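**Student:** Sharing a structure below in structure tokens format, with a few things to ask.
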Amino acid sequence: MLTALRWLSRRSLGFLHALGALLGWAAYAFSGGYRRRVRANAALAGIGAAERRAAVAHAGRMVAEMPLLWLRPETAPLQPAAQWQGAELIAAAIAAGRGMVILTPHLGAFEALVQAYAERFGARQPVIALYRPAKQAWLRKLETTARHRPGLLTAPATLAGVRQMIRALRQGQTVGLLPDQVPPEGMGVWAPFFGRPAYTMTLAARLALQTGATMLLAFGERLPGAAGWRMHILALPEPLPAAAGFAGDEAAHQTECAAVINRSMEYLIRQCPEQYLWGYNRYKGPRAS
């Protein structure tokens with residue numbers, strides 16, 4: 001498997017995206033469960049057939065570009081170089097000396113996004129990306145080594161990883177999270193996502209509120225014609241609610257914070273719905289922690 005991944009990592013982005021589109025449609029054709037989930041989730045969000053079809057191909061492109069992103073030399077820059085829209089929001093937070101919590105859903109090229117951040121801003125303010133270790137030992141090792149680059153560190157989705165992120169934010173560093181990822185039992189609350197209850201992490205809001213970090217939204221748009229990626233940075237469309245407004249009801253406060261973050265993810269996804277992973281099982285129950 002590693003031999004095949006290394007071979008793929010040396011192919012052009014255009015080749016990988018073409019291969020990925022085929023893989024995406026193959027998965028859609030041969031997996032009835034995946035196909036039903038894509039259709040149901042897209043319909044729930046009001047996404048039309050054309051955008052849903054485009055999302056099938058983009059899901060495959062996301063997988064196919066992983067070898068290029070993970071196995072390129074540590075010091076080699078992204079090729080093509082990433083474009084930026086809204087980078088001034090990151091620069092302003094760095095200038096203010098504050099930590100940052102950057103949130104991105106399963107939208108577009110989120111692996112390229114974190115690497116592009118490390119290239120552009122990591123020397124001034126490193127980023128720590130939260131990840132869930134793979135079950136296979138060889139893939140776990142690959143994930144860990146591939147994501148350790150200058151200006152980029154990783155933290156496992158464990159209590160130790162959470163403590164690592166809190167320390168990093170208090171030291172003025174950046175944390176990257178995928179808040180539409182279903183957390184383990186006890187680490188989330190049920191909150192609406194496109195009108196249906198989804199088990200949603202409370203970690204994102206707690207990190208920002210406990211450390212005073214700036215919270216920003218981001219997604220990496222995959223450009224047509226294998227022209228690379230455009231990184232979009234946006235402010236939250238609405239602020240997190242303060243705990244003082246909930247009269248000591250911590251559960252209600254966490255639920256409302258999760259609802260705000262879910263609405264923010266919906267806002268981001270609607271910017272580029274054809275690149276969201278509609279096949280992700282967002283509404284599943286949490287696994288035992």
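The values are calculated or read from the model by the stated rules, or taken from the named source; none is laboratory data. All figures in this text were calculated on a predicted structure; none of them were measured in a lab. All Cβ positions, even for glycine, are placed from backbone atoms using ideal geometry, and neighbour counts span all protein chains on display. Note: areas computed on protein heavy atoms with side chains; ligands, DNA, RNA excluded. Shrake-Rupley method; radii C 1.70, N 1.55, O 1.52, S 1.80 Å.
**Student:** Could you tell me whether the stretch 26-44 includes any residue that is surrounded by fewer than 18 Cβ atoms within 10 Å (Cβ to Cβ) and either of a type in the set (Asp, Glu) or on the phi > 0 side of the Ramachandran plot (or both)?
**Tutor:** No: the stretch 26-44 contains no residue that is surrounded by fewer than 18 Cβ atoms within 10 Å (Cβ to Cβ) and either of a type in the set (Asp, Glu) or on the phi > 0 side of the Ramachandran plot (or both).
**Student:** Name the residues in the stretch 86-121 that are over 23 Å from Leu203 (Cα atoms), surrounded by fewer than 22 Cβ atoms within 10 Å (Cβ to Cβ), out of contact with any helix residue (DSSP H, G or I) (no Cβ under 9 Å at 6 or more places or on another chain) and not charged (D, E, K, R), would you?
**Tutor:** Result: Gly86, Ala92, Ala95, Ala96.
**Student:** May I pose another question? Taking the options Ala129, Ala57, name whichever one is open to solvent by less than 30 Å² (accessible area, probe 1.4 Å) and farther than 24 Å from Gly151 by Cα. Lay out the reasoning, then the answer.
**Tutor:** Working: Ala129 fails: farther than 24 Å from Gly151 by Cα.
Result of the check over Ala129, Ala57: Ala57.
**Student:** If you take the residues of the stretch 237-256 that are in contact (Cβ under 8 Å) with a residue 12 or more places away in the chain and in contact with a Phe, Trp or Tyr (Cβ under 8 Å, 6 or more places away or on another chain), which of them is surrounded by the fewest Cβ atoms within 10 Å (Cβ to Cβ)?
**Tutor:** Residue satisfying both the conditions and the ranking: Pro237.
**Student:** Then there's this: Would you point out which residue out of Gln254, Gln210 is at pLDDT below 95, among the polar types (S, T, N, Q) and outside any strand (DSSP E or B)?
**Tutor:** Numbers: Gln254 fails: at pLDDT below 95.
Being at pLDDT below 95, among the polar types (S, T, N, Q) and outside any strand (DSSP E or B) holds for just one of Gln254, Gln210, which is Gln210.
**Student:** Before we move on, is Leu234 under 21 Å from Ala96 (Cα atoms) and either without any contact (Cβ under 8 Å) to a residue 60 or more places away in the chain or assigned to a strand (DSSP E or B) (or both)?
**Tutor:** Values: under 21 Å from Ala96 (Cα atoms): yes; either without any contact (Cβ under 8 Å) to a residue 60 or more places away in the chain or assigned to a strand (DSSP E or B) (or both): yes.
Yes.
**Student:** Now for a different question. In this structure, is Arg222 open to solvent by 50 Å² or more (accessible area, probe 1.4 Å) and of a type in the set (D, E, K, R)? Can you show your working first?
**Tutor:** On the way: open to solvent by 50 Å² or more (accessible area, probe 1.4 Å): no; of a type in the set (D, E, K, R): yes.
So Arg222 fails the test.
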